[in-house]
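Participant: Here it is: the structure, laid out below.
Read-outs: derived from the displayed coordinates by stated rules, not from any lab. This is a predicted model, so every value here is computed, not measured. FYI the Cβ positions are ideal-geometry reconstructions off the backbone, even for glycines, and counts take in every protein chain you see.
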Amino acid sequence: MPVNGLPPYDTTNIFARILKGEIPCRKVLETEHALAFHDIAPQAPTHILIIPKGSYVSASDFSTQASAEEVAGLWRAVAEVAKPLEATGYRIICNMGMDSGQEVPHFHVHVLGGRPLGVMVAKQG
Ligand code: AMP
């Protein structure tokens, strides 16, 4: 049964394979509960993805199913990788399901910065 427009967790998704070491990544940080690495197609001078090590398909899945330690661990890792951007600011994005255009069905947080990032959401038309 799809949850929030997403199918159940697929253990062969690309981020699961990165976690298993089957596919390389440009690692920024690894902690007990999270892995951070550079986005393969950066949309800003800094574009880092932070993912939980557990198998969560989406922001909603992670927020409702992960333990308090996993949730804290993920967000502390986000804060850690974003530290160099604090002086100028940055944007955090979590795409969630179909309308957001979420491509990879393993929950991830985008940290973007290093230039003025413009409007938050593209206008229609
Ligand atoms: P989303 O649309 O929120 O699911 O974002 C998925 C992101 O993962 C995109 O920004 C992709 O560029 C990025 N991505 C896909 N494959 C890889 C990979 N092998 N290593 C790093 N980033 C990736």
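Participant: Please work out how many pairs of lysine residues in the chain are eight or more positions apart (or on different chains) and have Cα atoms closer than 22 angstrom. Numbers along the way, then the final one.
Facilitator: Details: Lys20/Lys53; Lys27/Lys53; Lys27/Lys83; Lys53/Lys83.
Count of close lysine pairs: 4.
Participant: Expected output is a single nm value to one decimal: the length gained when fully extending between Met120 and Ala79, i.e. 0.36 nm times separation in residues minus the C-alpha distance. What is it?
Facilitator: Values: separation 41, 0.36 × 41 = 14.76 nm, distance 2.01 nm.
Once the chain is fully extended between Met120 and Ala79, it gains 12.7 nm.
Participant: If one puts a single equal scatterer on every Cα of the stretch 14-113 and applies the Debye formula without solvent, what log₁₀ I(q)/I(0) results at q = 0.15, 0.23 Å⁻¹?
Facilitator: -0.56, -1.35
Participant: Would you order Ile48, Ile40, Ile14 from fewest to most other beta-carbon atoms within 10 Å of each residue's own beta-carbon? Don't skip to the answer; put the middle values down first.
Facilitator: On the way: Ile48 25, Ile40 10, Ile14 16.
Ranked by crowding around the Cβ, least crowded first: Ile40, Ile14, Ile48.
Participant: Kindly put Phe107, Phe15, Phe62 in sequence by how many other C-beta atoms sit within 10 Å of each C-beta, fewest to most. Numbers along the way, then the final one.
Facilitator: On the way: Phe107 27, Phe15 20, Phe62 23.
Ordered by Cβ neighbours within 10 Å, fewest first: Phe15, Phe62, Phe107.
Participant: Going by how many other Cβ atoms sit within 10 Å of their own, how do Asp39, Asp61, Asp10 line up, fewest first?
Facilitator: Details: Asp39 17, Asp61 22, Asp10 14.
Lowest to highest Cβ neighbour count: Asp10, Asp39, Asp61.
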